[in-house]
Amino acid sequence: MIGVTRTILAKDLLLELRTKESVPAMTLFTLTVYVLFHFGLDRDSLDGELAAGVLWVTLLLAAVIGVARLFATEREEGGIDALLLAPVDRTALFLAKASGLFLFLVAVEIVAVPAFDLLLLGPGLGGTMPELLPVLLLGNLGIAAVGALVAALAAETRARELIVPLLLLPLLVPVLIACAQATEPLLRQDQGPEDLGRWLGLLTLYDVVFVLLSVAVFDYLLED
Amino acid sequence: MAAIELDGLERRYGERVALAGVTARVEAGQTLAVLGGNGAGKTTLLRVLAGLLRPHAGAARVLDAKLPDERWKLPGRVGYLGHEPLLYRELSGRENLHYHARLHGVAVRRVPELLAVIGMDRRADDPVRELSRGMVQRLAVARAVLHEPDLLLLDEPRANLDPAAAELLEPLIGRASGRTRVLVSHDVSGTLAESDVVLRLKQGRPAAEDEDLYR
Amino acid sequence: MYSKGFKPLAAASVVSLATALSLVFFYAPLDADQGFVQKIFYVHVPMAIVALGGFVAGGIFGIRHLRSGDPSWDLRSYVAIHLSIILGVGVLATGAIWAKASWGHWWVWDEPVLVSFLVVFLLYCVYYPLRFSIEDPERQARYSSVFAITAGVFVPLNFAAVRMAESFTHPRVLSQTGGSLPGEMRLTFLVSLLAMALLFVTLWKLELTAKHAAMQLKKLRRRLDARVAA
């Protein structure tokens, strides 16, 4: 199954490289939203809770864009049929899509986090990266797992573009809570991690539960 | 044991009947022609035989798999050529076939061989969206037979093909291939000429020989 | 097929509801701080607990539907979620009334149960558009079950996360839900909870039976039409 997951993931990454559909759009979106927040909050710099909130809400909204496009090519070009006709474990499709989304989020964050530092963050990221990194990675994992599941759930509905954000965002509230709470002390004027373990623990629990759930349930979304 | 055995096959779409009372027997190597007007259920039947749709009632056995319980036996043994080519438009023909080869566990060196047979080796590296419909159809056929399936399910296989191209593909999907085939086409006389068993469908049900299928 | 034991259930509901109401109005003591309005607590909290239970039950029925393929489990899941959403509106409304009475605002973020309930409610509201935008009935049922299971798993996780967050930003005000209840209040609360639960199950069975009958009627009518046409 790892081999098949790799095959599907490689195909998706190749397609993204050629079409450049998702990652540039998601990245541009986060930058635009930072500008919106600047005007909306009428602030030049943010720190602490406000900074953490703006950073994570923006990332979640960008994730919605990525999730909405996740099964687009499969739907338009019959990729699901091809997979169902092949002697492969269908869970590989979920793993490949979730991994793809994870990598897209990482790619977006490579630009979005420094951009946030540049545009809106008062104290500056400085030496907080070692603590920020696990938060980003565990958060991305949760978003990727739930995102792939929601993308599959919404794939067959007529009102796809509406259903994805309405479904995805409430489900990601625990991720938002954990990530914002974990990040907040890192972005304060007097920076330093606080209770990082507690929030990473919540994220890990969430990630484990939703990865297992999605893997268990995904097959039923593909069969007919 | 017959390659395909259907007895009273039924498939519903909610309350609407897509297929009902479909009965047929096809021996290995034979060709089944499925004739009918639009909406007669031809595509639905092909999808059931491919294992993509579950029958709701009736008995059905495809290759040695009892449907619906043994549907899992089918993937990899059926070559399906439907309306959609099942090719990614942004990837090249070669990349598409590589992808399918890996999914089916077929050696990747089969791909250049097959590309040569279908006469696509020169344009194999152009993205599918740049190819003519005839070329796309040729690639679709290649995709369908890449894994040496035991059963071919062909929905208008010669659509968009000029006679030369159709001839190239004969050994792959024609009678000469020796494979069990289910053939759907609007070219009634041509189809009948290369078939052993005929199934006529009207609104999902078998139609009598003299019944007009297209009214 | 769904109405087994309906009469005794309905009777039990009526009895417990009457008991609960009389306890609330005549037995439970008047709260020193909040006065009469505090009594809405006996509606608000049982409603929330039963609604959350209904959501989780919807998820369990969803699991049974996926494993068996039997559409009757999907119907049970749908009705449970449907009723819980309606109860959910009641929870939010009574919660707002209580908040206004206790803290002077129509909404407060201090109560983690209420806040996490809002998130859950928003999630479950998507059940209808998701369900009814899928045309194939079998697929509609399957996807709804997947949703029910996902959302059902989400409920406790979300509650834990919100609770963790609130305890940091707003030190827990000793609320009636968390603190221990004096004897008379506890009895009244438990009877109210029982009454609400029985009422839910009664309505659930009622709606199941009604929907089932409507479906049978439609099927018969269709068969009749087909016979007349032939």
Take the residues in segment C:177-225 that are among the small types (Gly, Ala, Ser) and either surrounded by 11 or more Cβ atoms within 10 Å (Cβ to Cβ) or at pLDDT 90 or above (or both), then tell me which one is nearest to C:Glu111 (Cα to Cα). C:Gly178
In segment B:146-161, is there at least one residue being hydrophobic (A, V, I, L, M, F, W, C), part of a helix (DSSP H, G or I), within 28 Å of B:Val48 (Cβ to Cβ) and within 14 Å of chain A (Cβ to nearest Cβ)? no
What is the residue count in segment A:174-183 for residues that are more than 8 Å from chain C (Cβ to nearest Cβ) and either among the polar types (S, T, N, Q) or out of contact with any helix residue (DSSP H, G or I) (no Cβ under 7 Å at 6 or more places or on another chain) (or both)? 1
Please tell me if A:Leu59 is surrounded by fewer than 16 Cβ atoms within 10 Å (Cβ to Cβ), in a helix (DSSP H, G or I), more than 14 Å from every other protein chain (Cβ to nearest Cβ) and at pLDDT 95 or above. no
Go through segment C:43-67 and count every residue that is under 19 Å from C:Thr150 (Cβ atoms) and either within 14 Å of chain A (Cβ to nearest Cβ) or out of contact with any Lys or Arg (no Cβ under 9 Å at 6 or more places or on another chain) (or both). 14
What number of residues within segment C:28-43 are loosely packed, with under 14 Cβ neighbours inside 10 Å and either part of a helix (DSSP H, G or I) or at pLDDT 80 or above (or both)? 2
How about segment A:184-211: which of its residues are of a type in the set (S, T, N, Q) and within 13 Å of chain C (Cβ to nearest Cβ)? A:Thr204
Considering only strands (runs of 3 or more DSSP E) wholly within segment B:26-136, the ones with at least 3 residues that are in contact (Cβ under 8 Å) with a residue 12 or more places away in the chain are B:31-36, B:57-62, B:78-81
Subset of segment C:1-25 [modelled with pLDDT of 75 or more, exposed (fewer than 11 other Cβ atoms within 10 Å of the Cβ) and over 16 Å from C:Leu199 (Cβ atoms)]: none
How many residues does segment B:66-97 contain that are of a type in the set (A, V, I, L, M, F, W, C), in contact with a helix residue (DSSP H, G or I) (Cβ under 9 Å, 6 or more places away or on another chain) and facing chain A (nearest Cβ under 10 Å)? 5
Listed residues A:Leu133, A:Leu167, A:Leu221, A:Leu171; which is surrounded by fewer than 24 Cβ atoms within 10 Å (Cβ to Cβ), facing chain C (nearest Cβ under 10 Å) and among the aliphatic types (A, V, I, L, M)? A:Leu221
Just give me the residues in segment C:80-96 being crowded, with 24+ Cβ neighbours inside 10 Å and under 23 Å from C:Gln216 (Cα atoms), in sequence order. C:Ala80, C:Ile81
Give the residues of segment A:63-87 that are within 26 Å of B:His147 (Cβ to Cβ) and more than 9 Å from chain B (Cβ to nearest Cβ), sorted by residue number. A:Phe71, A:Glu74, A:Arg75, A:Ile80
Residue hits (segment B:129-144; of a type in the set (Val, Ile, Thr) and surrounded by 21 or more Cβ atoms within 10 Å (Cβ to Cβ)) are B:Val141
Would you confirm whether or not segment A:137-147 contains a residue that is closer than 22 Å to C:Glu166 by Cα and either at the interface with chain C (Cβ under 7 Å from one of its Cβ atoms) or among the small types (Gly, Ala, Ser) (or both)? yes
Mind checking which residues of segment A:137-151 are touching a residue at least 40 places away in the same chain (Cβ under 8 Å) and surrounded by fewer than 24 Cβ atoms within 10 Å (Cβ to Cβ)? A:Leu138, A:Leu141
Are any residues in segment B:162-177 assigned to a loop (DSSP other than H, G, I, E, B) and either surrounded by 15 or more Cβ atoms within 10 Å (Cβ to Cβ) or without any contact (Cβ under 8 Å) to a residue 12 or more places away in the chain (or both), and if so, which ones? B:Gly174
State the number of residues belonging to segment C:101-143 that are at the interface with chain A (Cβ under 9 Å from one of its Cβ atoms), crowded, with 17+ Cβ neighbours inside 10 Å and not in a helix (DSSP H, G or I). 3
Test A:Glu156 against the stated conditions and say whether it is within 13 Å of another protein chain (Cβ to nearest Cβ), surrounded by fewer than 24 Cβ atoms within 10 Å (Cβ to Cβ) and not hydrophobic (A, V, I, L, M, F, W, C). yes
Mind checking whether some residue in segment A:98-111 is within 30 Å of B:Lys73 (Cβ to Cβ), within 13 Å of the chain's Cα centre (by Cα) and of a type in the set (D, E, K, R)? no
With C:Ser68, C:Ser72, C:Ser84 as the choices, which residue is among the hydroxyl-bearing types (Ser, Thr, Tyr), more than 9 Å from the chain's Cα centre (by Cα) and under 20 Å from C:Leu206 (Cα atoms)? C:Ser72
Quick check on segment A:46-74: of everything there that is farther than 17 Å from B:Asn96 by Cβ and not hydrophobic (A, V, I, L, M, F, W, C), which residue is nearest to the chain's Cα centre (by Cα)? A:Gly66
Have a look at B:Leu213, B:Leu201, B:Leu183 and point out the one that is surrounded by fewer than 17 Cβ atoms within 10 Å (Cβ to Cβ) and in contact (Cβ under 8 Å) with a residue 24 or more places away in the chain. B:Leu213
Spot the failing condition for A:Leu59; the list is (1) farther than 23 Å from A:Leu153 by Cα; (2) in contact with a Cys (Cβ under 9 Å, 6 or more places away or on another chain), and only one is missed. (1)
Could you please tell me which pairs satisfy a Cβ distance under 7 Å, a separation of 6+ or placement on different chains, a first residue in segment A:161-172 that is farther than 15 Å from C:Ala161 by Cα, and a second residue that is among the polar types (S, T, N, Q) and buried (at least 20 other Cβ atoms within 10 Å of the Cβ)? A:Ile163/A:Thr157
Within segment A:1-30, take every residue that is of a type in the set (A, V, I, L, M) and under 11 Å from A:Leu93 (Cα atoms) and give me the one that is surrounded by the fewest Cβ atoms within 10 Å (Cβ to Cβ). A:Ile2
Failed item in (1) closer than 30 Å to B:Ala107 by Cβ; (2) under 19 Å from the mean Cα position of the chain (by Cα); (3) basic (Lys, Arg), with A:Lys11 passing the rest: (2)
Any idea how many residues of segment B:173-189 are within 12 Å of the chain's Cα centre (by Cα) and more than 22 Å from B:Ala40 (Cα to Cα)? 4
Of the listed residues (A:Ala86, A:Ala82), the one being surrounded by 18 or more Cβ atoms within 10 Å (Cβ to Cβ) and part of a helix (DSSP H, G or I) is A:Ala82
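The values are calculated or read from the model by the stated rules, or taken from the named source; none is laboratory data. Quick caveat, the model's predicted, so the values are computed rather than measured. Cβ sites come from the backbone with ideal geometry, for glycine too, and all protein chains shown count toward neighbours.
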